[in-house]
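Contents: one structure, followed by commentary.
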Amino acid sequence: MNPLRSLSSFLLLAGGCAAPAATAPAASAAEAAPAPPSAAAPQEPAAEPGSLRHARAALPAPPAGERWTYFASPMEAAELAALERAAPGARIVSGLTREEALARAAEAHGVEGYYATPEFLARASNLAWVQAMSAGVDRYLGNAALIESERVVLCNMQGVHGPAIADHAFGMLLALTRDLRFYAREQEAGRWSREGAGRASALQGKTLLVAGLGGIGTEIARRGAGFGMRVIATRRSDAPGPDFVERLGRSEELLGMLPEADVVAIALPLTPETQGLFGAAAFAAMKPGAILINVARGKIVDTDALLDALRSGRLAGVCLDVTDPEPLPPDHPLWREPGALITPHVASDAELTDERALALLRENLRRFGAGEPLLNVVDKRAGY
């Protein structure tokens, strides 16, 4: 069994758009004793896929020999061993249910986001760090006990999911542009049909607009450049973009950049400012026959306006790994739109995602125990 699969299942759930369910992870509680230091097993170098933007230390380094406690989701022995090597002073409690964690809240100095309910925070007098296992933190924004706390640092998994999600985005895009869905149906029927459902197209020379050039958006842009596309993008900050992005605009310039794009990829966080951002006005501004990709959050797109854009032919197609509502009901008209390709919020699923998530968690555990600034600290007021 792959030692990362238990973490993988938790990450896939964490990557969803809806608030976490009230049920606990399907695992029994287990408490791991820290592995003794060994010259034969030196600390592994951290991959550090995270960001130092907003970095801050959650606590000073504890005195030598003093233990601190972190509540983690169910993990296998190899995962726990990697974490223990990184943070020898940590007592990692793995696999508690929410009810069990609540009863032991006063022990916790750090926890995975699953446990950080308002009730837990009210009892967790020693809590200083919450590690979200998703890139988006919109599900936590309604938790006033967490968002308003100056004592508790919230971190996310920004950058961890980028490669897999970008691969997924281009897999969906190519399924549309190369008419692969038609040929898959013909293969199932045993037919050698070369005419296709329509004229296939190539990506080279087309313009890709990435809305939100963060960790995921940068990986999408990188792949677009690899396909020979002209890449333009927006981001909120004035930070310079990578060489493969031809032009980088501010977020407020998005509407003016939409008419240039043959493909628009949404990689934005869900905030009050981005909710419903892609509505009737945005679709009216897009180039006729453009393709929209959404691998961010469903609520960024107005679903009714999206359906109108597809039915009118304004959009040639849409690739959705996220929807509003989510899950998409079986009778929803989006399922029946011929230009819509839909996957059920699984774009981040990959062994690479698991490995990068474990590396980030390992490095943040090390940093927490050493009193160093944590990676991927969330600006709780901005929502990302």
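The values are calculated or read from the model by the stated rules, or taken from the named source; none is laboratory data. None of these values were measured; they are calculated from a predicted model. Neighbour counts are summed over all protein chains in view; Cβ atoms, including those assigned to glycine, are modelled from backbone coordinates with ideal geometry.
At-a-glance table
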{"item": "Near pairs, Cβ below 6 angstrom, 6+ apart or cross-chain, from segment 256-285 (more than 24 Å from LYS206 (Cα to Cα)) to any residue that is at pLDDT below 95 and among the hydroxyl-bearing types (Ser, Thr, Tyr)", "result": "PRO269/TYR384"}
{"item": "Subset tally (residues that are out of contact with any Lys or Arg (no Cβ under 9 Å at 6 or more places or on another chain), part of a loop (DSSP other than H, G, I, E, B) and under 17 Å from GLU260 (Cβ atoms)) for segment 176-214", "result": "2"}
{"item": "Index of the failed condition, PHE368 passing every other in (1) over 30 Å from GLY89 (Cβ atoms); (2) of a type in the set (Phe, Trp, Tyr); (3) in a helix (DSSP H, G or I)", "result": "(1)"}
{"item": "So ARG362, is it among the charged types (D, E, K, R) and either within 30 Å of ALA57 (Cβ to Cβ) or in the same structural domain as GLU150 (by TED's automatic domain parsing) (or both)", "result": "yes"}
{"item": "Single condition GLY171 does not satisfy, out of (1) in contact with a Lys or Arg (Cβ under 8 Å, 6 or more places away or on another chain); (2) part of a helix (DSSP H, G or I); (3) more than 22 Å from MET257 (Cβ to Cβ)", "result": "(1)"}
{"item": "Failed criterion for ASP354 (all others in (1) touching a Cys at 6+ places or on another chain (Cβ under 8 Å); (2) under 21 Å from MET133 (Cβ atoms) hold)", "result": "(1)"}
{"item": "Index of the failed condition, PRO62 passing every other in (1) at pLDDT below 90; (2) in contact with a Lys or Arg (Cβ under 6 Å, 6 or more places away or on another chain)", "result": "(2)"}
{"item": "Residue within segment 166-173 that is over 16 Å from ASN294 (Cβ atoms) and either under 13 Å from the mean Cα position of the chain (by Cα) or of a type in the set (Ser, Thr, Tyr) (or both) present", "result": "no"}
{"item": "Residue within segment 373-383 that is under 29 Å from PRO74 (Cβ atoms), within 15 Å of the chain's Cα centre (by Cα) and in the same structural domain as VAL264 (by TED's automatic domain parsing) present", "result": "no"}
{"item": "Residue satisfying condition, being touching a strand residue (DSSP E or B) at 6+ places or on another chain (Cβ under 7 Å) and assigned by TED's automatic domain parsing to the domain that holds ALA233, within set LEU146, LEU213, LEU180", "result": "LEU213"}
{"item": "Cβ pairs under 6 Å, 6+ apart, first in segment 362-384 and hydroxyl-bearing (Ser, Thr, Tyr), second part of a loop (DSSP other than H, G, I, E, B) and buried (at least 18 other Cβ atoms within 10 Å of the Cβ)", "result": "TYR384/PRO269"}
{"item": "Condition check for ARG236: surrounded by fewer than 21 Cβ atoms within 10 Å (Cβ to Cβ), of a type in the set (Lys, Arg) and either more than 26 Å from THR343 (Cβ to Cβ) or assigned by TED's automatic domain parsing to the domain that holds THR218 (or both)", "result": "yes"}
{"item": "Among the residues listed as ILE220, ILE165, the single one being part of a helix (DSSP H, G or I), of a type in the set (Val, Ile, Thr) and out of contact with any strand residue (DSSP E or B) (no Cβ under 7 Å at 6 or more places or on another chain)", "result": "ILE165"}
{"item": "Segment 274-323: number of residues that are closer than 17 Å to PRO338 by Cα, small (Gly, Ala, Ser) and in contact with a helix residue (DSSP H, G or I) (Cβ under 7 Å, 6 or more places away or on another chain)", "result": "3"}
